[in-house]
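Read-outs throughout are calculated quantities, based only on the coordinates presented, and are distinct from any laboratory measurement. Treat the numbers as computed from the prediction; the structure is a model and nothing was measured. A quick note on method: Cβ atoms are made from the backbone with ideal geometry, for glycine too, and the neighbour counts reach across all protein chains shown.
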4 protein chains.
Amino acid sequence: MQGLSQKNLSAVIRSRPKNSHKGTFGRAVLIGGNETYGGAIMMSAEACVKAGCGLTSVVTAEKNHTALHARLPEAMVLDWTLTHRLTDLLDTADVILIGPGLGLTSHSQQLLALVLQQQKPEQRLVIDGSAITLFAQHHYALKYPKQVVFTPHQMEWERLSGLKIDNQTVTQNQAVQRQIGATVILKSHRTEIYTSNAQFKNPLGTPAMATGGMGDTLAGMIAGFLAQFDDKEAAICAAVYLHSLIGETLGTEHYVVLPTEISQNLPYYMKQFENTQNKAEEK
Amino acid sequence: MQGLSQKNLSAVIRSRPKNSHKGTFGRAVLIGGNETYGGAIMMSAEACVKAGCGLTSVVTAEKNHTALHARLPEAMVLDWTLTHRLTDLLDTADVILIGPGLGLTSHSQQLLALVLQQQKPEQRLVIDGSAITLFAQHHYALKYPKQVVFTPHQMEWERLSGLKIDNQTVTQNQAVQRQIGATVILKSHRTEIYTSNAQFKNPLGTPAMATGGMGDTLAGMIAGFLAQFDDKEAAICAAVYLHSLIGETLGTEHYVVLPTEISQNLPYYMKQFENTQNKAEEK
Amino acid sequence: MQGLSQKNLSAVIRSRPKNSHKGTFGRAVLIGGNETYGGAIMMSAEACVKAGCGLTSVVTAEKNHTALHARLPEAMVLDWTLTHRLTDLLDTADVILIGPGLGLTSHSQQLLALVLQQQKPEQRLVIDGSAITLFAQHHYALKYPKQVVFTPHQMEWERLSGLKIDNQTVTQNQAVQRQIGATVILKSHRTEIYTSNAQFKNPLGTPAMATGGMGDTLAGMIAGFLAQFDDKEAAICAAVYLHSLIGETLGTEHYVVLPTEISQNLPYYMKQFENTQNKAEEK
Amino acid sequence: MQGLSQKNLSAVIRSRPKNSHKGTFGRAVLIGGNETYGGAIMMSAEACVKAGCGLTSVVTAEKNHTALHARLPEAMVLDWTLTHRLTDLLDTADVILIGPGLGLTSHSQQLLALVLQQQKPEQRLVIDGSAITLFAQHHYALKYPKQVVFTPHQMEWERLSGLKIDNQTVTQNQAVQRQIGATVILKSHRTEIYTSNAQFKNPLGTPAMATGGMGDTLAGMIAGFLAQFDDKEAAICAAVYLHSLIGETLGTEHYVVLPTEISQNLPYYMKQFENTQNKAEEK
């Protein structure tokens, strides 16, 4: 198992091409946020936009549109009951994230089924939160497993893998990953990443980050990184490491670090690692 | 009567366990915020989240959901007319706070009755604001008085205790506390705490804090501290003292200190006292 | 005509009494904000709360409640169609402000008529914006003119006084003030104040403040100062001067100063002048 | 083709006249923001207000009013289905901006047709975003082309001009501009401006600005500058240059620069260039 480090950031966060426009940095469609858990998808959206995604659309209960826009006018919104328009929107996506605050209703399930069925070979798909639970309950299949990322915490991984938490060893996790075929980000105080080729372990993470919404923020960062960076495995590793690095850094001065503070600090920290890389190359 | 001091903070605000997750720091359910006083429960929620509670749910009039989420996507929301879902939600709570902006209608009363009836032996219950008035009017009984905290200001204490403000002496207050059995936080410019075992007096507090919403913020802090810290009496003392300490500190540079500014500063000040404690132990 | 100066601030902004609570610093009821001009009453409310008013209630179109609360949970709200509840609320007020964003409909007029009719002898009443126009159009009478403050800009003063802008000389303005009996704050780039006893001229003000909402902010500050300070004439002078002083100071670094920035800076600047006064007395 | 530089800023951003009021700095009416793209018009409005426009009104789907006000109480709002009131409002405008988030429905088209038909000879009109596409689709005519500014990106310019992106050379662009008669701001990573008399090229711009909403912010800045500055061509050049200058400056410390951050920094940067000019004249 490889340890993540700052090298994983400087490998990915490079100077942007000068002749570029918003389309260059990808289109993400984020789906989630029901009547109760609307804040989850708002936090994902903030992370995605501030991670540098070119265009971010949020598909959520209409009830959540105003709060989302009050915080983040940069995002576009779609009422998640308008499935005919969702179909068109999904067609334009480079990355789809489904799950933060999605809930477990039949409507949630229909949205997940639609996304799974409509995924195109070049689209990345991140399945998070209650979408993982729904996926496990309904025994869905993946059309393009190598394009898919699951982001379970330990209980969700139990549902998805069938492995009790005590049995979630590296060997067992890797075995299940091979069956599923998708990348698995197993979140805990020391998050692990399982791909078909490699295993990574995050050495960072602080109990100051143990507060509701941290996972939603990570999911949004992953979507934003997948949207704009070409090496997808490297992008995932960078997102996981940077999320914890910012949390640890803020946690040296704050007893608890709010998820939205991670997002606010993304543009600054990303620049730091772009500069590090540039300096290294100058030498 | 013991005076509160910074020792009450360093006794409680300790370094968090490394192997932890959001569930480690407790689940709080906050109930209040009608059509007019919606801001009250928003302020409680901000205090609870920023005090470090792991998961905070807010049960309030649906009208308030959007403003709450625009300020605090970290909280979950539930329309307070959905009492069947409230029943399920209460089941998951470590701490319940009822009262900020609750109002005095029959619906408010039903919510209070439901909470009182459903309280489980291990759950802490904070009764604040109009819930105190309703409690006094309707002569409710407490199932687990030792698990309950009342946070009256002097008029509310008059309603609850029957003691006119002029008669609210330490002896009389303590006598009533013994009848009720719950902890009483009697708010004034020098707040007093009465438990079955002890009496505490807060030496801090500034007139810069004399503005609407300060009590709602304190109530949210108490809920957040009860959710995450094991020694409940110590947690209450720490919340009361820290609320005033932050207010006094900010008040040296601001003529009036807004309640939401107290909450914004919580993570920073809590970290200060964690560090103090760590340094003391190193010696 | 007396020039306003920093003495007008230090005369009013004194250290608060230690044994005080939110009621000590007054209750303000602010009425305004229709479907189009909702932002006006939000800006008044921010100014009133941050000026140190103990309790601020906002009576406005329900459409505006969520945005107000998203910015300022410290305020209470009332749907302005609920006139029976408004009657009760007005009864509790120390200061009433009517006008910012009120509009000129028959409902606006009914609200103004209700306020004028219900004013109690000890209540201060500030009439601003479209409420001045309505007052002029409908030839209302004041029950307690000495308790009333009008805050017209030059066009509104023309409507109220009958004086064309070119004829708005000090002598003429004073003559009309004597007929009306109320205090008049005639807003321009050099605002003038006319009372029954005195005339004041504000030497400050910057074109950086020439942006929509500045008057709404001033009206809110006046309400907040009247709510908490005993010498009402002095409170009005202090509010007018401080509004411009903050604007000028911020204007040295900003080409345009937003009204909400004035409000955000109120607690800091008020503290500065409390300290000035304390130091002067120590000598 | 002339290169833009800081001289274009100091030529326009001059000290404001002392005896001025909000009317001195113009009235802007901004039209756009449908159910999905509401954030676009919010970003335009923030840019317009913070660029120093005296009075800013936003005509948008009612759904967007609350989020707009939560961010920016300084703006006025009008439900864009109330076309009779829009007619009156347009009558008062110095500058009209239509397009950010307008969409392509028949209602969007009716709004554009109304604006084009009602434009008065002294009013400036900025046509942005989907309004450009609608304009091209429906072959509308301009009543006062010299008063009009189009702000297409390259795809929109293809629709408007008929020039494929590869054929968008300076010569070809200028030829089409002469047919249309309006000013054209052709947005790319090196934006070009075509007027009847001159061509300008922006040497600035950073890929950190390649994120959704940058164009909406630029459109709002242009409206704000046209509202308050007399030399309209110079105002347009200054807006284009300053937008990129702020973006580049923030981009040295942030990997991605959000559009709303450009707006937040406007008052500070504008002051810098006012001061530069003043100092130059003192010498």
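Before moving on, here are some points about what is shown:
- Candidates C:Asn34, C:Asn173, C:Asn202, ranked by Gaussian network fluctuation over chain C, Cα under 10 Å, top entry: C:Asn173
- With the simple model of a label 7 Å out from the Cα in the direction of the Cβ, B:Lys146 to D:His139 spans 8.8 nm.
- Distribution of pairwise C-alpha distances over segment B:169-283, 10 Å bins, in %: 13, 41, 33, 12, 1
- Using a cutoff of 8 angstrom between alpha carbon atoms and counting only pairs six or more residues apart, the relative contact order for chain B works out to 25 percent.
- Largest GNM mean-square fluctuation among C:Arg27, C:Arg71, C:Arg159, using chain C with Cα springs under 10 Å: C:Arg71.
- Restraint check, B:Lys7/B:Lys143; D:Lys143/D:Lys201; B:Lys63/D:Lys22, Cα-Cα greater than 29 Å: B:Lys7/B:Lys143; B:Lys63/D:Lys22
- Peptide C:268-274 has a mean of 3 when you count, residue by residue, the C-beta atoms of other protein chains within 10 Å of its C-beta.
- Residue and distance for the chain D Cβ closest to the axis that moves D onto B, in whole Å, come to D:Ala70, 3.
- Taking the Cα centre of segment D:53-148 as reference, the dipole from Cβ charges on Lys and Arg (+1) and Asp and Glu (-1) amounts to some 200 debye.
- Legend: ranking of residues C:Cys237, B:Cys53 from fewest to most surrounding C-beta atoms inside 10 Å; resulting order C:Cys237, B:Cys53.
- DSSP bridge pairs, the protein assembly as shown: antiparallel proportion in percent, nearest 5: 20
- Taking other Cβ atoms within 10 Å as a rough exposure proxy, D:His21, B:His65, B:His84 sort from fewest to most as B:His84, D:His21, B:His65.
- A:Asp231-B:Asn197 pseudo-label distance in nm [points 7 Å out on the Cα-to-Cβ vector]: 5.8
- Considering only D:Pro73, D:Thr252, D:Ser57, and ranking their Cα positions along the charge dipole of segment D:21-282 that arises from unit charges at the beta-carbon of Lys, Arg, Asp and Glu, the one farthest toward the positive end is D:Ser57.
- Overall form of the protein assembly as shown per C-alpha gyration tensor (a/c, 1.5; a/b vs b/c): oblate
- Three-way shape call for segment D:116-235 based on the alpha-carbon gyration tensor, with the a/c threshold at 1.5: rounded
- A:Ala198 label point (Cα plus 7 Å toward Cβ) to equivalent points in the other copies: 5.4, 5.4, 7.6 nm, shortest first.
- Note on B:Leu90, D:Leu30, B:Leu9: ascending count of other Cβ atoms within 10 Å places them as B:Leu90, B:Leu9, D:Leu30, the fewest first.
- Averaged over peptide B:206-219, the number of partner chain Cβ atoms lying within 10 Å of each residue's Cβ comes to 6.
- Compactness of chain B - radius of gyration and Dmax, Cα, Å: 17.5, 57
- Largest GNM mean-square fluctuation across B:Val240, B:Val58, B:Val256, computed for chain B with C-alpha springs under 10 Å, falls on B:Val256.
- Counts of other chain beta carbons within 10 angstrom of each beta carbon in peptide D:251-262 average 5.
- Label point of B:Asn275 set 7 angstrom out along Cα-Cβ; within segment A:243-272, amide nitrogens under 12 Å from it belong to A:251-255.
- Per-residue HN-Hα couplings for segment A:76-81 [Karplus 6.51, -1.76, 1.60; θ = phi - 60°; Hz; x = Gly/Pro]: 9, 10, 9, 4, 6, 7
- Whole-Å distance, taken between Cα centres, linking segment B:135-154 and segment D:251-267: 51
- Segment C:1-53 and segment B:164-220: distance between their alpha carbon centers, rounded to Å: 29
- Bridge orientation summary for segment B:1-132: considering DSSP beta bridges with both residues in this region, about 0 percent are antiparallel.
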